[in-house]
Amino acid sequence: MESMQLLSWACIVFTVVMFSTGLTDLKKMRESKSADNIQFLPFLTTCLNNLGWLYYGMLKPDQTIVLVNVIGALLQILYIIVYLHYTKQKKLVMSQTLVVGTVLTCGCFYFTTFLPEGDSRLSQLGLTCSVVTVSMYLSPLTGLVQIVRSGDVKCLSFPLTVATFFTSTSWVLYGLQLNDYYIVVPNSPGIFTSLVRLYLFWRFGSVNQSLPAHKSMHI
């Protein structure tokens with residue numbers, strides 16, 4: 001039980017730290033009064049992912065998953081509101097938000113109406129959340145290829161890379177303890193992509209003569 005409590009706290013702390021990296025973007029928007037050069041979709045997709053895992057944690061039930069994703073969803077909603085306030089492309093952002101909101105509504109309707117309560121609903125929800133999380137972890141790989149070609153790691157965040165590595169590792173260990181592969185499988189790519197990034201920092205860090213700028217890069 002003590003090891004599970006330790007892993008639970010590790011998951012909470014590391015995940016909240018990872019979600020909090022978006023505060024850097026929030027600060028930039030408030031200081032510049034602009035949302036230029038800051039991506040909106042990562043906030044939106046991360047919020048959707050948080051809400052999916054929140055529902056999974058409620059069905060399981062698992063207070064660690066619930067707490068982490070409540071905090072994550074609230075932070076992403078804060079980032080979204082601030083972005084909406086400062087962006088010049090309000091129509092595009094609102095349309096993207098509407099699409100994601102529609103997907104979320106349809107998903108809730110499907111899981112609550114067409115699937116019976118119990119293991120069937122939990123397993124299908126876990127599979128859906130796992131696919132979304134894996135996609136989010138693997139989506140930056142195309143950008144990493146460009147970094148390998150250019151040798152410039154300034155667009156990566158070293159603190160976020162470290163936070164992602166420890167977050168993914170703690171969730172994999174937590175999932176193994178629970179024998180829940182819906183937690184283990186989607187977090188494993190996070191370890192892989194973090195190790196790739198750390199290698200890029202080691203390989204190209206000396207070329208840039210300093211650690212990269214702390215630019216948030218959501219996954």
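Figures for the structure shown
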quantity	calculated
Karplus-derived 3J(HN,Hα), 6.51/-1.76/1.60, for each residue of region 118-123, Hz, glycine and proline x	x, 5, 5, 5, 5, 5
Cα centre as origin, Lys/Arg/Asp/Glu Cβ charges: the chain dipole, Debye	900
Measure of compaction for region 23-135 (Cα Rg per 2.2 N^0.38 Å)	1.19
Rounded to whole Hz, the Karplus (6.51, -1.76, 1.60) HN-Hα couplings of region 100-115, x for glycine and proline	5, x, 5, 4, 5, 5, 5, x, 4, 5, 5, 5, 8, 9, 9, 10
Only Lys, Arg (+1) and Asp, Glu (-1) charged, at Cβ; region 1-124 dipole about Cα centre in debye	640
Region 50-178, dipole about Cα centre (Lys/Arg Cβ +1, Asp/Glu Cβ -1), debye to the nearest 20	520
Inverse mean reciprocal Cα-Cα distance (Kirkwood Rh) of the chain, Å	18.3
Mean Cβ neighbour count within 10 Å, used as a protection proxy, ranking 84-96, 111-123 highest first	84-96, 111-123
Under Karplus coefficients 6.51, -1.76 and 1.60, residue-wise ³J(HN,Hα) of region 125-134 in Hz, glycine/proline x	5, x, 5, 4, 4, 5, 4, 5, 5, 4
Convex hull volume per residue for region 106-182, taking Cα atoms only, in Å³	116
Selected from Pro61, Gln96, Pro116, residue furthest toward positive end of dipole (region 51-123; charges at beta carbon)	Gln96
Choice from Cys11, Cys47, Cys108 with maximal GNM fluctuation in the chain (Cα, 10 Å cutoff)	Cys108
Label-point separation in nm, Asp152 to Ile71, each point 7 Å along Cα→Cβ	3.5
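Values quoted throughout were computed directly from the atomic coordinates according to the rules given, and no laboratory measurement underlies them. Not measured: the values here are computed from a predicted model. As a convention, Cβ positions derive from the backbone with ideal geometry for all residues, glycine included, and neighbour counts pool all protein chains shown.
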